[in-house]
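Novice: This is the structure I have questions about; it appears just below.
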Amino acid sequence: MTKSLMHKGFNAKQRLLSSVAFISLSLGLVFSTQASVPTNKVYDTGEPIEKPMIMSRFVEMSAARQVPDVSFSDTKGDAVNLKQFDGKVVLVSLWATWCAPCIKEIPQMEAIRQTNINNDLVVLPISIDEESDKVAAFLERHDLSYYQTWLDPEMNIGQVMPADIVPATYVFDGSGNLIGFLRGYLDWGDKDVQPYLEKLIDKYAKR
């Protein structure tokens with residue numbers, strides 16, 4: 001066999017192994033998500049909202065799922081939970097201080113919060129850092145001290161939604177039921193995002 005053919009054979013083998021690895025990783029993420037998403041269906045969500053291209057990776061679930069009523073803490077140490085936003089769509093943004101894309105996403109999420117301050121939509125960041133006492137100092141160091149985040153020192157997040165990928169955004173209806181999610185970074189500053197969020201508000205805020 002010539003060196004050229006051997007090289008082509010090696011490249012083909014490498015591409016095959018890379019494909020297998022990618023498929024395995026993708027399936028692992030899918031199974032991980034399915035295994036962690038609550039299974040108690042509350043109602044069928046009906047016809048999905050038409051998505052702009054920027055929201056193509058957002059999954060609007062076919063059935064709303066009830067989630068456990070667990071507590072987190074705010075930066076003052078007070079107990080808080082998802083049930084306190086009755087009648088509002090809640091975007092839970094999972095992030096961590098060690099996640100570079102999360103830092104890029106923070107100003108975008110804050111812009112969405114400000115844009116919807118008079119709408120039935122809440123942007124709720126939750127840090128999944130194990131050393132939650134260092135989060136405030138981290139935000140201060142990066143000139144992001146304006147970012148109002150919840151903390152999870154008791155690691156309760158896993159009871160509500162998968163926390164194996166950050167950034168990730170999980171969406172809840174006006175009764176605190178999980179209705180959709182997007183795992184990974186998204187350019188939330190895109191012009192087509194806000195109109196889509198307004199459609200989510202119309203459909204789910206009063207559910």
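Novice: Just name the residue that is nearest to the chain's Cα centre (by Cα) out of those in region 104-134 that are part of a loop (DSSP other than H, G, I, E, B) and β-branched (V, I, T).
Specialist: It comes out as I128.
Novice: Continuing with the same structure: Could you list, in sequence order, the residues of region 135-169 that are over 18 Å from the mean Cα position of the chain (by Cα) and of a type in the set (S, T, N, Q)?
Specialist: Result: S145, single match.
Novice: Among the residues of region 68-78, which ones are among the acidic types (D, E) and open to solvent by 70 Å² or more (accessible area, probe 1.4 Å)?
Specialist: Listed by number, the residues that qualify are D69, D78.
Novice: Next question, about the same structure. Quick check on region 56-67. Is at least one of its residues in contact (Cβ under 8 Å) with a residue 24 or more places away in the chain, surrounded by fewer than 16 Cβ atoms within 10 Å (Cβ to Cβ) and under 15 Å from W188 (Cα atoms)?
Specialist: yes
Novice: Would you pick out the residues in region 140-192 that are in a helix (DSSP H, G or I) and of a type in the set (D, E)?
Specialist: Passing the criteria: only E140.
Novice: Look at region 79-92 and say how many of its residues are part of a loop (DSSP other than H, G, I, E, B) and open to solvent by less than 80 Å² (accessible area, probe 1.4 Å).
Specialist: 4
Novice: Still on this structure, please answer the following. Read through the list (1) in a loop (DSSP other than H, G, I, E, B); (2) surrounded by fewer than 14 Cβ atoms within 10 Å (Cβ to Cβ); (3) not polar (S, T, N, Q), then give the number of the only condition that P195 fails.
Specialist: Tallying (1) in a loop (DSSP other than H, G, I, E, B); (2) surrounded by fewer than 14 Cβ atoms within 10 Å (Cβ to Cβ); (3) not polar (S, T, N, Q), P195 fails exactly one: (1).
Novice: Among the numbered conditions (1) in contact with an Asp or Glu (Cβ under 9 Å, 6 or more places away or on another chain); (2) open to solvent by less than 30 Å² (accessible area, probe 1.4 Å); (3) small (G, A, S), tell me where G184 comes up short.
Specialist: (1)
Novice: Can you report the number of residues in region 111-146 which are farther than 16 Å from V90 by Cα and either among the aromatic types (F, W, Y) or surrounded by fewer than 18 Cβ atoms within 10 Å (Cβ to Cβ) (or both)?
Specialist: Matching residues across region 111-146 total 14.
Novice: Does any residue in region 95-113 that is in contact (Cβ under 8 Å) with a residue 60 or more places away in the chain and closer than 19 Å to L197 by Cβ come within less than 9 Å, Cβ to Cβ, of a residue that is open to solvent by less than 10 Å² (accessible area, probe 1.4 Å) and in a helix (DSSP H, G or I) six or more places away or on a different chain, and which pairs are these?
Specialist: From residues that are in contact (Cβ under 8 Å) with a residue 60 or more places away in the chain and closer than 19 Å to L197 by Cβ, the pairs are W95/C102; W95/E105; W95/I106; W95/M109; Q108/V193; I112/V193; I112/L197.
Novice: Which numbered condition trips up T97, out of (1) at pLDDT 90 or above; (2) under 22 Å from I201 (Cβ atoms); (3) surrounded by 12 or more Cβ atoms within 10 Å (Cβ to Cβ)?
Specialist: T97 satisfies all of (1) at pLDDT 90 or above; (2) under 22 Å from I201 (Cβ atoms); (3) surrounded by 12 or more Cβ atoms within 10 Å (Cβ to Cβ) except (2).
The values are calculated or read from the model by the stated rules, or taken from the named source; none is laboratory data. Computed from a predicted model, the values in this text were never measured in an experiment. No Cβ is skipped: glycine too gets one built from the backbone with ideal geometry, and neighbour counts run over all protein chains shown. Keep in mind that these areas ignore ligands, DNA and RNA; they rest on the heavy atoms of the full protein, side chains included. Shrake-Rupley method; radii C 1.70, N 1.55, O 1.52, S 1.80 Å.
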